[in-house]
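Have a look at the structure below before the remarks.
The values are calculated or read from the model by the stated rules, or taken from the named source; none is laboratory data. A quick note: this is a predicted structure, and the numbers were derived from the prediction, not measured. Don't worry about glycine lacking a Cβ; one is built from the backbone with ideal geometry, like all the others, and counts go over all protein chains shown. Note: accessible area is taken over every heavy atom of the protein model, side chains too, but ligands, DNA and RNA are not part of it. Shrake-Rupley method; radii C 1.70, N 1.55, O 1.52, S 1.80 Å.
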Amino acid sequence: MNKRAIRWLLEELPQLVAQGILTPETEARLRAHYAGVEPAKPARLAVILFSVIGALLIGAGIILILAHNWEQLPRPLRTLIAFLPLISAQTLAFWVLAKRPSSLAWREGIAALTFLMIGASISLVGQTYHISGDFARFLLTWMILGLPLIFVLDAVVPALLYLWGVTSWAGQTRWEDGGNAGYWILIAVLIIPIWRWMHNGHSQVRPILLLWGLCLSVTIGAGLTIDHVMPGFWIILYSGLFALMVLSSETWSDRSDGFWSRPLLHFGAGGALVFSFVLSFRESWYQVARGFYVWDGDSLDRQWAMPDTVIGFLIISGALVLLVTTIRRKAWFGLVFGLLPVLAILGYALSAFTESPLPAAGLFNLYLLTVGIWLLVIGVRTDRQGQMNVGLLSITALIIARFFDSDLSFLLRGLVFIALGIAFLAANLIMVRRKGGNREEK
Amino acid sequence: MKKNNRLLFAFAIVAAAQLFVPAWMIIGHERTLATGEVFKFRTRPVDPVDYFRGRFVRIDLEPSVVRTEDPNLWTKPTKAYAVLTKDPDGYAVVSGLQSHPPRGQAAVEVMSGWTSSDDGEVMITWTNLQRYYMNEAKAPAAEAAYRKHSRDAVDSCHVTVRVRGSHAVLEQLFIDDIPIEEWLERKEDS
């Protein structure tokens, strides 16, 4: 169901009735038919947004004020003050749950404030007692204490703050004993609120926002929590990750909604294109081609091998399983991006056996060129200007990169760049004219 | 129970858990400050800033290199416990490193660094005793004054640390046996 189109139609109805094109009875029937889709309420969204911004500013301001150090006060008084921001926020949250439980603006604002005050409270105690080390432990404690706010206050802002926190924790603990594979369990918890928000029939802004955050966090987290041991493993890992995002979206959600409504698809596809561009360079394959993966057994750190293998295997095999189902359904968009991990494995094998980066880099040059042309052609055929431009951009980036790699003359490079620019402009002009022609026919 | 009452009850539990952590930190540190054994450590401070926890003077405790029977146990950066005794002047001496806190002895958590198997030496970092929080206006002055002072007179700066079992709390930073806050005030007055 294209909700944006439905909202447009509902907004057009009064005008159509006024012009006599539709009767009032028809308008009522149409509204009843599309009753499940709420029109966007800009004023309400603004209230929520401003309440969250206000709460975050207040919370940040309190943290900075507390950081001033009140050494004139005796220590017992300072420890009491350490509790005040948190207790105040909690009291306000209790009031919101008791008196304003249906107000999203109140819940989001107070959830954000309470989340920040947990960190402020622990920090102030640390400052009072000169506690130094282990920023990672401080972060983890803060995030675990803040996590329940997502569920109790049914709010997305603490979920986003939580994502930031656990991703930072993964970065802090990358090389610590015990590792940071726990990051995946910490973020898996967020599937629960995403699922609930997507299926409770209300606005989809919260799960979509959280999914965008999750895509970004997982992209960073994969590199921080895996790829400790095997040189070049990141090539197969990230290929699998981006393919998994695209294929998950293709398998379980509707293609009819807009760009921002499909984070898995668009983040995954964008990531796949950018990553393919990176893999089109020879330098990306040097680690594999030069045999860095051949380690002396004593120097290989076994404690990292297990989490690298298990988590990496789950991501890549998940992508391959969904690829098989995508092939069966003949979903071409998913297939094009779902092939990425297969090509990455093939490229890895080519580089390892030939001891040269060129075959694998060449493979990805061909892949990116093919995908770019495909996106361009399909974009033109289906009147999707954005998709067409992404295809053009991919082809252009590839050509420009290879031009810088090679020793061609400035004149030839200049002529090709001009040709690419003309192609961009011409394609967009044709698309605009076609859309204008279609509107006139209607 | 209505849904709203369930939510309020759940939030009350969550709030109690959130208050418990800082309360537990305070109780543990106050017990150590009240009943812990005092150790003096020589030190040299530097001054960065931590936006979450205010302005602090960074201190590097001595000793930073200790002798052990088997330095090969500490070839990789590893969490360890420095077992403490005192010299005749009350300064801390590390009698050994252990991988777990020893019973009945004062020991402080450290992180091992490089080792020298020929000399039996291991470099350690006192991970939880590196910051002395001060008023943000005074911390840079403390560091600048301290650096100048430590060039002129070595071994005149120290901290006192209270240790209860394996729990250590930084108590006070001294220059010339004077608390640093008072030392700075005297410098400003003179």
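Here's a check for you: in region B:87-135, which residue that is open to solvent by 50 Å² or more (accessible area, probe 1.4 Å) and small (Gly, Ala, Ser) is nearest to residue A:78 (Cα to Cα)? Residue satisfying both the conditions and the ranking: B:104. Selection over region A:364-384 of residues that are more than 25 Å from the chain's Cα centre (by Cα) and open to solvent by less than 40 Å² (accessible area, probe 1.4 Å) gives a count of 1. Might you let me know whether region A:92-110 holds any residue that is crowded, with 24+ Cβ neighbours inside 10 Å, in contact (Cβ under 8 Å) with a residue 60 or more places away in the chain, part of a helix (DSSP H, G or I) and within 11 Å of another protein chain (Cβ to nearest Cβ)? Yes.
Within region B:38-60, take every residue that is of a type in the set (A, V, I, L, M) and under 21 Å from residue A:123 (Cα atoms) and give me the one that is modelled with the lowest pLDDT.
As a first pass, look at region B:38-60 and keep what is of a type in the set (A, V, I, L, M): B:38, B:46, B:49, B:57, B:59.
Keeping just the survivors that are under 21 Å from residue A:123 (Cα atoms) gives B:46, B:49, B:57, B:59.
Values: B:46: 55, B:49: 58, B:57: 79, B:59: 83.
Among residues in region B:38-60 that are of a type in the set (A, V, I, L, M) and under 21 Å from residue A:123 (Cα atoms), the one modelled with the lowest pLDDT is B:46.
Would you be able to say whether some residue in region A:209-220 is under 27 Å from residue A:286 (Cβ atoms), in contact (Cβ under 8 Å) with a residue 40 or more places away in the chain, within 20 Å of the chain's Cα centre (by Cα) and open to solvent by 40 Å² or more (accessible area, probe 1.4 Å)? The answer is yes; a qualifying residue exists.
Can you tell me which residues in region A:152-172 are at the interface with chain B (Cβ under 8 Å from one of its Cβ atoms) and in a helix (DSSP H, G or I)?
Filtering region A:152-172 for residues at the interface with chain B (Cβ under 8 Å from one of its Cβ atoms) gives A:152-153.
Across region A:152-172, the qualifying residue is only A:152.
Does region A:173-184 include one or more residues that are part of a loop (DSSP other than H, G, I, E, B), more than 8 Å from chain B (Cβ to nearest Cβ), open to solvent by less than 10 Å² (accessible area, probe 1.4 Å) and not hydroxyl-bearing (Ser, Thr, Tyr)? Among the residues of region A:173-184, at least one is part of a loop (DSSP other than H, G, I, E, B), more than 8 Å from chain B (Cβ to nearest Cβ), open to solvent by less than 10 Å² (accessible area, probe 1.4 Å) and not hydroxyl-bearing (Ser, Thr, Tyr), which makes the answer yes.
Considering region A:185-200 alone, what residues qualify as being in a helix (DSSP H, G or I) and not charged (D, E, K, R)? Even if it seems obvious, please write down each step before you answer.
Quick first cut of region A:185-200, residues in a helix (DSSP H, G or I) only: A:185-188, A:191-199.
Result: A:185, A:186, A:187, A:188, A:191, A:192, A:193, A:194, A:195, A:197, A:198, A:199.
Yes or no, residue by residue, for (1) more than 12 Å from chain A (Cβ to nearest Cβ); (2) under 21 Å from residue B:165 (Cα atoms):
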position	(1), (2)
B:12	no, no
B:19	no, no
B:28	no, yes
B:38	yes, yes
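Listed here are the residues, each with its yes/no results for (1) within 14 Å of chain B (Cβ to nearest Cβ); (2) modelled with pLDDT of 70 or more.
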{"residue": "A:21", "(1), (2)": "no, yes"}
{"residue": "A:30", "(1), (2)": "no, yes"}
{"residue": "A:39", "(1), (2)": "no, no"}
{"residue": "A:50", "(1), (2)": "no, yes"}
{"residue": "A:74", "(1), (2)": "yes, yes"}
{"residue": "A:84", "(1), (2)": "yes, yes"}
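Can you find a residue that is of a type in the set (Asp, Glu) and either in a helix (DSSP H, G or I) or in contact with a helix residue (DSSP H, G or I) (Cβ under 6 Å, 6 or more places away or on another chain) (or both) anywhere in region A:354-376?
yes
Looking across region A:118-141, just one residue is more than 9 Å from chain B (Cβ to nearest Cβ) and crowded, with 22+ Cβ neighbours inside 10 Å, and that is A:139. As for region A:340-353, it holds no residue that is touching a residue at least 40 places away in the same chain (Cβ under 8 Å), more than 20 Å from residue A:234 (Cβ to Cβ) and assigned to a helix (DSSP H, G or I). Filtering A:113, A:149, A:80, A:64 for residues that are assigned to a helix (DSSP H, G or I), within 21 Å of residue B:9 (Cα to Cα) and within 11 Å of chain B (Cβ to nearest Cβ) leaves a single hit, A:149. For residue B:83, indicate whether it is of a type in the set (A, V, I, L, M), modelled with pLDDT of 90 or more, under 17 Å from the mean Cα position of the chain (by Cα) and buried (at least 20 other Cβ atoms within 10 Å of the Cβ). Criteria not met by residue B:83. Taken as a whole, the condition of being of a type in the set (Phe, Trp, Tyr) and open to solvent by less than 20 Å² (accessible area, probe 1.4 Å) applies to residue A:242.
For residue A:185, the conditions (1) free of Cβ contacts under 8 Å to residues at least 12 places away in the same chain; (2) under 30 Å from residue B:162 (Cβ atoms) are fulfilled apart from (2).
So for region A:222-232 (the condition being more than 16 Å from residue A:262 (Cα to Cα), aliphatic (A, V, I, L, M), modelled with pLDDT of 85 or more and buried (at least 23 other Cβ atoms within 10 Å of the Cβ)), does at least one residue qualify?
No: region A:222-232 contains no residue that is more than 16 Å from residue A:262 (Cα to Cα), aliphatic (A, V, I, L, M), modelled with pLDDT of 85 or more and buried (at least 23 other Cβ atoms within 10 Å of the Cβ).
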